[in-house]
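Okay, structure first, notes after.
The values are calculated or read from the model by the stated rules, or taken from the named source; none is laboratory data. It should be emphasised that the depicted structure is a prediction, and the values quoted were computed from it without experimental measurement. Methodologically, a virtual Cβ is constructed for each residue, glycine included, from the backbone with ideal geometry; neighbour enumeration extends over all protein chains shown. Calculation scope for accessible area: heavy atoms of the full protein, side chains included, ligands and nucleic acids excluded. Shrake-Rupley method; radii C 1.70, N 1.55, O 1.52, S 1.80 Å.
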Amino acid sequence: MAQTQQQDVILKTDCLAKDYESGFFFARRRVRAVIDLSLEVRRGEVFGFLGPNGAGKTTTLHMLTGISRPSAGAIEIFARPFRCGQVWPLHRIGYVPESTYLPGDMTMTELLSFFARLYGLSRAAVRERISSMFEMVGFVLRERATFVRSLSMGQRRLLDLALALVHDPDLVFFDEPTVYLDPLAVERFRDIVAMLKKKGRTVFLSSHTLPLIERLSDRVAVIARGRLLRVAPAQDFAAEGGLEPVFLQLVKEDA
């Protein structure tokens, strides 16, 4: 059984850490944003990564996706060591960052097509995936030629989701994915996560929104001030009175 669980680990970190230099000249000091983070994410699960603002969630995602180089520790993805600068796993990864800066002079269709071709999809596959992505996020036919600069922030967020999923990745990272989304769009996002889980994809869901994490996650990791405070199945938190009171207690005790 232990061997099977180990084979099912799709993402692993070992004592991962990230330091930054803060201040100027003689007042400079080293700030540790992530401290000895060790965790495992299993194939096919929705892994909730919960923490208050400034806890180190986005910094962690930047390291896991190769945007930022760790100061210490190791990362394994798909059972292979992964280091910043390597591109071999990127065709199997989707990423919705906390903030995006999309080119305003492209239409939604042009941008999705560009991303799909970057991932090596054929022209026929590109057309099929674009149609599927627009249907998934709820854009109707007449909206698909809209320039990105004309989109609302909520529409841009939905486009972010489509761009992250256009190549049908095995592992998807979401960083505060429901920011700017109205309640109907949040419901659509929940449906998207359920669809990914049904297909056997792995979702790494990072947020400070407790109801979202509590409703969608199979397991939850709580992080504060760069430290991992607890990892447990979602039902364990529910058995202790709910995620919110346990989360608040953990964070207050660590303050």
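For the stretch 38-53, give me each residue that is in contact (Cβ under 8 Å) with a residue 60 or more places away in the chain and over 14 Å from the mean Cα position of the chain (by Cα).
Our first condition is that a residue be in contact (Cβ under 8 Å) with a residue 60 or more places away in the chain; within the stretch 38-53, this holds for 38-39, 41-53.
Hits for the stretch 38-53 are SER38, LEU39, ARG42, ARG43, GLY44, PRO52, ASN53.
For the stretch 158-240, which fully contained helices (runs of 4 or more DSSP H) count at least 2 residues that are among the acidic types (Asp, Glu) and open to solvent by 10 Å² or more (accessible area, probe 1.4 Å)? Write out each step before concluding.
Working: elements: 183-198, 210-216, 234-239.
Counting at least 2 such residues, we get 183-198.
Among the hydrophobic types (A, V, I, L, M, F, W, C), in a loop (DSSP other than H, G, I, E, B), under 18 Å from VAL172 (Cβ atoms) and open to solvent by less than 30 Å² (accessible area, probe 1.4 Å) - does that describe any residue in the stretch 75-87?
yes
Among (1) over 27 Å from LEU243 (Cα atoms); (2) surrounded by 18 or more Cβ atoms within 10 Å (Cβ to Cβ); (3) among the β-branched types (Val, Ile, Thr), which single condition is VAL31 missing?
Failing condition for VAL31: (2).
Find all pairs meeting these conditions: Cβ atoms under 8 angstrom apart; at least six residues apart or on different chains; first residue within the stretch 67-79 and on the phi > 0 side of the Ramachandran plot and in contact (Cβ under 8 Å) with a residue 40 or more places away in the chain; second residue surrounded by 15 or more Cβ atoms within 10 Å (Cβ to Cβ) and not in a strand (DSSP E or B).
Filtered contacts from the stretch 67-79: PHE78/PRO89; PHE78/ARG92; PHE78/ASP170.
When the residues of the stretch 88-103 are filtered to those that are open to solvent by 20 Å² or more (accessible area, probe 1.4 Å) and under 21 Å from GLY154 (Cα atoms), which remaining residue is modelled with the lowest pLDDT?
So the first thing to find is which residues in the stretch 88-103 are open to solvent by 20 Å² or more (accessible area, probe 1.4 Å), and the list is 88, 90-92, 95, 97-103.
Still in the list and also under 21 Å from GLY154 (Cα atoms): 95, 97-103.
Working: TYR95: 96, PRO97: 94, GLU98: 91, SER99: 87, THR100: 81, TYR101: 84, LEU102: 90, PRO103: 92.
Here the answer is THR100.
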